Every structure is written in C-alpha cells, then in structure tokens.
Amino acid sequence: MHLNVNRILHTPGASQDFHFEMDLSDLDFGGMYPVVRPVVVDGQVRNQAGVLHCELQADTTLRSVCARCAKEFDESKCVLFSCVLAEEKQEEENEDIVVLEKDEVDLAELARTAFILEMDTISLCSEDCEGLCPGCGVNLNEEPCRCKKQVDPRLAALAKLLQQDE
Ligand SMILES: [Zn+2]
Ligand SMILES: [Zn+2]
C-alpha cells in the first residue's frame, strides 16, 4: 500500500486518511504463524505547520499458544505507530523520520515493521494461568493434579501415624 502525499505536502492543515488490510499469515514467529486473520490498518497523514505527521493503528486477532499450559487461544492485537514523513533525508539519524520516495510512503512496510516489533515473545492464555503440573502433566486450569494419588498407601499410613505423634 503506497500512499502519495503530494496533495497535502505543501498545504498546512490538510490531511489524508487511509485504510487497508494486509496479510501477515506468512509471518514466522518462532516457528509459529500467529497472524491467522488479515491485519486491518487505519490512519492519517496530517500536515502540521509544514511537517507531515503519520499515525496508524493496526488491528488483528492472533492465534497464540500459552507459554504456561500450551493451549491455543485467540488474542486481539492492536499496534499503534507514528512517524514524521520527510522529503529528504535529515542530517541527524532519526528513527521516527521516514523519507518519502517520489512523494510516496510505503504504509504496508511501515505497518508490517511496527507490527513485528510489537509482537510479544511470551503469551499467556490468562494472567493467572496455572500451567501444567511438572509431575503429572495435567492442565491445572482444567483438572486437579494427579500426583498425590500415586502415593503408596503404606507410606500414607505411616504419614498418618507420624501426624498423631505430634
Ligand atoms: Zn495457559
Ligand atoms: Zn501433578
């Protein structure tokens, strides 16, 4: 998605809206392809006192895997990004400035980069996910731990005797 900002380039106060969808289903994130739905991008380029400000928002739903219980779940993802568009490269290196090429900016490239930078390295199905028991392997969100049932009945009897001594 290339946007030509020629119309507003030299008109302070003018703005240009944009809206597009992009497919990031090929985005390999640690062997996973979490972006299963199109990413919807909305934004605006605004000429503020001669400086072009670009703001965008990228929304989608990710298919994630919980780092604790390994369950797949869907999570909504919203990424905000803003930058300044300039006609010429600035003297100072500045990551927030994107240089126009023939009055055009590659919005898909900007949105894609912003999206990748905002991907979480760890996803949890819920903040208080109990995870898997390292002993019996059950998903502790769904069923109780089975480890205790494997205690030898003779040891259990001994434990009871010891308790009575106290
Ligand atoms: Zn979980
Ligand atoms: Zn267990």
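Rule-based calculations on the coordinates, nothing more; no lab input. From a predicted model like this one, the values you see are computed outputs, not experimental measurements. Glycine gets a Cβ as well: all are built from the backbone with ideal geometry, and neighbour counts include every protein chain shown.
Under 28 Å Cα-Cα from Lys160, which lysines qualify once same-chain neighbours fewer than 8 residues away are excluded? Leaving aside lysines fewer than 8 places away in the same chain, those within reach of Lys160 are Lys148, Lys149. How large is log10 of I(q)/I(0) for the chain at q = 0.14, 0.19 Å⁻¹ when the intensity is taken from the Debye formula with one equal scatterer per alpha-carbon? One equal scatterer on each Cα of the chain leads to -0.83, -1.14. Of the residues Cys136, Gln57, Leu80, the one whose Cα sits farthest toward the positive end of the charge dipole of the chain, with +1 on the Cβ of Lys and Arg and -1 on the Cβ of Asp and Glu, is Cys136. A DSSP coil position with no more than 12 other Cβ atoms inside 10 Å describes the following trypsin sites (Lys or Arg not before Pro) in segment 67-110: Lys89, Lys102.
Taken one residue at a time, the phi angles of segment 81-91 give Karplus couplings (6.51, -1.76, 1.60, θ = phi - 60°) of 8, 9, 7, 10, 9, 10, 6, 10, 4, 7, 5 Hz. Gly and Pro are set to x.
Dividing the summed -39500 (n - 2.57) terms of all DSSP H runs of n ≥ 4 by the residue count of the chain sets its mean residue ellipticity at 222 nm at -4500 deg cm²/dmol. What angle, in degrees between 0 and 90 and rounded to the nearest 10, separates the Cα long axis of helix 107-117 from the longest principal axis of the Cα atoms of the chain? Value to nearest ten degrees: 30.
Under 12 Å of direct C-alpha separation, and excluding same-chain neighbours fewer than eight residues apart, Lys71 reaches these aspartates and glutamates: Glu130, Glu142. Excluding same-chain neighbours fewer than eight residues apart, the lysines reachable from Lys102 by a Cα-Cα span under 21 Å are Lys89.
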